[in-house]
Amino acid sequence: MNNSKPDASKVIGQYMGRPILASITHAGQSYDYDRIAVSDRDETFPLAQLESNELLVSPGLIYKR
């Protein structure tokens, strides 16, 4: 999971007490919010749910390039 602070855009909601940003920039790439990640029983987020053009950002948000 990416724990770095990405460049921010407009807040479109909240999840687990943290803002959901409409889009972010990470490593020079632009990503748009897509969905909330599915967690397993251990409350971890399996990376198998990500496609190659997606980024998982704490606390469990998936952004798509």
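Since only 30, 60, 50 are under comparison, the one whose Cα sits farthest along the positive direction of the charge dipole of the chain, derived from C-beta charges on Lys, Arg, Asp and Glu, is 30. Taking Cα extents along the principal axes in Å as calculated from this structure, the corresponding entry among (i) 54, 16, 11; (ii) 52, 21, 19; (iii) 32, 27, 19 is (iii).
Normalised by the number of residues in the range 11-64, the average gap of Cα pairs under 8 Å and 6 or more apart makes the relative contact order 32 percent.
Give the order of 12, 62 when sorted by the count of other beta carbons within 10 angstrom, beginning with the fewest.
12, 62
No lab work stands behind these numbers, since they all come straight from the coordinates. Since we're looking at a predicted model, the values are computed, not measured. Counting neighbours? That spans all protein chains shown, and the Cβs are built from the backbone with ideal geometry, glycine included.
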